[in-house]
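First the structure, in the form of structure tokens, and then the observations on it.
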């Protein structure tokens, strides 16, 4: 039995769930999300809880997945998701113009990235005393769709991957990067 699939999802007040044949439609204070329902999985609502059930053990691999996607949608329409990206490096910067971010990342040209609908961004300069790197800009990305937010962060990271020696580039703020030592004497 799927341990994640068996857990019921508590529906907070203000969240309504409509169960269609092939998808769940979840409405909340922050917006509406649709989540696909895989074959062999059924959802039902009992006592303010959303419960995922499977038809047979043939579908046990999809049981936990379907429940996790529905839970992420419920969290997204109530609280939303936030990810932070650090832009580290001398001369590396980002300029936000509406839905467009223009990066200066050490290339011979500026790099433009257009944010998809549903993703918002804020930039803040990190000038904390005692900070390891004094050239750092933090982008805070928010949205209700966890998959779309993760995809945007991955695409931003690919624009300039962190350097192995100095750590320069667009990095995830919550990850620890181990740097190589370089050509120091023996």
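Regarding residue 68, is this residue touching a residue at least 24 places away in the same chain (Cβ under 8 Å), closer than 30 Å to residue 7 by Cβ, assigned by TED's automatic domain parsing to the domain that holds residue 8 and out of contact with any strand residue (DSSP E or B) (no Cβ under 8 Å at 6 or more places or on another chain)?
Yes: the conditions hold for residue 68.
Counting only residues that are over 22 Å from the mean Cα position of the chain (by Cα), surrounded by 13 or more Cβ atoms within 10 Å (Cβ to Cβ) and over 15 Å from residue 9 (Cβ atoms), how many does the stretch 48-73 have?
Residues flagged as over 22 Å from the mean Cα position of the chain (by Cα), surrounded by 13 or more Cβ atoms within 10 Å (Cβ to Cβ) and over 15 Å from residue 9 (Cβ atoms) within the stretch 48-73 amount to 4.
Residue 17 - would you say it is over 22 Å from the mean Cα position of the chain (by Cα) and surrounded by 13 or more Cβ atoms within 10 Å (Cβ to Cβ)?
yes
Being surrounded by fewer than 19 Cβ atoms within 10 Å (Cβ to Cβ) and assigned to a strand (DSSP E or B) narrows it down to one residue among 45, 26, 87, 101; which is it?
45
The values are calculated or read from the model by the stated rules, or taken from the named source; none is laboratory data. These numbers were taken from a predicted model, which means no experiment stands behind them. As a convention, Cβ positions derive from the backbone with ideal geometry for all residues, glycine included, and neighbour counts pool all protein chains shown.
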